[in-house]
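*Asks:* One structure, pasted below without further comment.
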Amino acid sequence: MSKKPIIVFEGIEGSGKTYHINNVVRFLKKKKIKFIKIREPGGDKNSEKIRNLILNSKSKLHPFTDLLLYLAARNENIENNIKKNYKKKVILFDRFIDSSIAYQHYGMGLNLKIIKSINNFLLGKIKINYTFLHIVSIKNMKSRLKIRKKLNKYDKFNTSFYSKVQKGFIEVSKKKSRYLIIDSNKDIETNKKLILNKIQELILKKK
């Protein structure tokens, strides 16, 4: 595997993925390893504008419109950030293509073939090397969302929606190799060590 892999952190709201990706960022800075971190939606300056449109708490866009906006933001990132850094820097994603499948297909019922087809077209020869999937109980998710100072549109769905999305993530993980499921209901320090051990294996191991 390349020592400059693409590593993705996936999971529903309140699953701890952003906390852990930021911990990995601190580790990479300490080791002076070159990297970029991209959040979806967002990242590129144009993608951030699209993010504001998608996540606006008052937004009432059609689900398929949401999907197309996510994909548009993704394309901006691929063209402006990923292609020039691919295999040159470690690329960390806070959500990526599997989120489209989990949220838009499993959660909202949109056509899976369309989602996969456009994702494949956008990525071309770019390959994801590893994915950390963070799972969380709905009870813990709800308690974590309650302490957030500001909620966006995707923080306000009903619990059945998040259950469907998380089951979707798990289904995706069964069909792919190089996936590690992180149980965010467990001790956070244990998960930090688990993730950093895997990161070191992915990035620092000898060829």
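Each value in this text was obtained by applying a stated rule to the coordinates, not by laboratory testing. Quantities reported herein were computed from a predicted structural model and do not represent experimental measurements. Methodologically, a virtual Cβ is constructed for each residue, glycine included, from the backbone with ideal geometry; neighbour enumeration extends over all protein chains shown.
*Asks:* LEU196 to LYS127: extension gain in nm, 0.36 nm per residue of separation minus the Cα-Cα distance?
*Replies:* Here the segment from LEU196 to LYS127 would lengthen by 22.7 nm.
*Asks:* Sticking with this one: Quote the convex hull volume per residue of segment 160-207, based on C-alpha atoms, as a whole number of Å³.
*Replies:* Taking the convex hull of the Cα positions in segment 160-207, it is 80 Å³ per residue.
*Asks:* Report the gain in length on full extension from LYS45 to LEU180: 0.36 nm times residue separation, minus Cα-Cα distance, nm rounded to one decimal.
*Replies:* Residue separation times 0.36 nm, minus the Cα-Cα distance, leaves 45.5 nm.
*Asks:* Could you compute Rg(Cα) / (2.2 N^0.38 Å) for segment 6-204, with N its residue count?
*Replies:* That works out to 0.98 for segment 6-204.
*Asks:* Suppose R0 equals 30 Å. What FRET efficiency, 1/(1 + (r/R0)^6) with r the Cβ-Cβ distance, do SER163 and LYS88 give to the nearest 0.05?
*Replies:* 0.15
*Asks:* How long are the semi-axes of the equivalent ellipsoid of segment 8-102, taking √(5λ) for every eigenvalue λ of the Cα gyration tensor, in whole Å from largest down?
*Replies:* 25, 16, 11
*Asks:* Also: As a footprinting exposure proxy, order LEU145, LEU123 by other Cβ within 10 Å, with the fewest listed first.
*Replies:* LEU145, LEU123
*Asks:* Then there's this: Could you work out the relative contact order of the chain? I mean the mean sequence separation of Cα pairs under 8 Å and 6+ apart, divided by the number of residues, in percent.
*Replies:* That works out to 35 percent.
*Asks:* If you don't mind, there's one more thing I want to ask. To the nearest 20 debye, what charge dipole does the chain have about its Cα centre, counting +1 at the Cβ of each Lys and Arg and -1 at the Cβ of each Asp and Glu?
*Replies:* 900 debye
*Asks:* With springs connecting C-alpha atoms under 10 Å apart, model the chain as a Gaussian network and identify which of SER184, SER143, SER163 has the largest mean-square fluctuation.
*Replies:* Of SER184, SER143, SER163, the Gaussian network model singles out SER143 as fluctuating most.
*Asks:* Can you give the net charge of the other residues whose Cβ lies under 14 Å from the Cβ of ASN52, counting K and R as +1 and D and E as -1?
*Replies:* Overall, the nearby charge balance is +2.
*Asks:* Tell me the mean residue ellipticity at 222 nm calculated for the chain from its helices only (DSSP H runs of n ≥ 4, each -39500 (n - 2.57), averaged over every residue, nearest 500).
*Replies:* -14500 deg cm²/dmol
*Asks:* How compact is segment 89-194 by the rule of thumb for globular proteins, expressed as Cα Rg over 2.2 N^0.38 Å?
*Replies:* Here the answer is 1.15, to two decimals.
*Asks:* Stretched out fully, how many nm does the piece from PHE64 to LYS150 gain, at 0.36 nm a residue minus the Cα gap?
*Replies:* Contour length minus the Cα-Cα distance gives 28.5 nm.
*Asks:* I need the per residue convex hull volume for segment 70-149, using only the alpha carbons, in cubic angstrom as a whole number.
*Replies:* 134 Å³
*Asks:* For segment 117-164, what are Rg and Dmax over the alpha carbons, in angstrom?
*Replies:* In order Rg, Dmax, the Cα atoms of segment 117-164 give 15.6, 41 Å.
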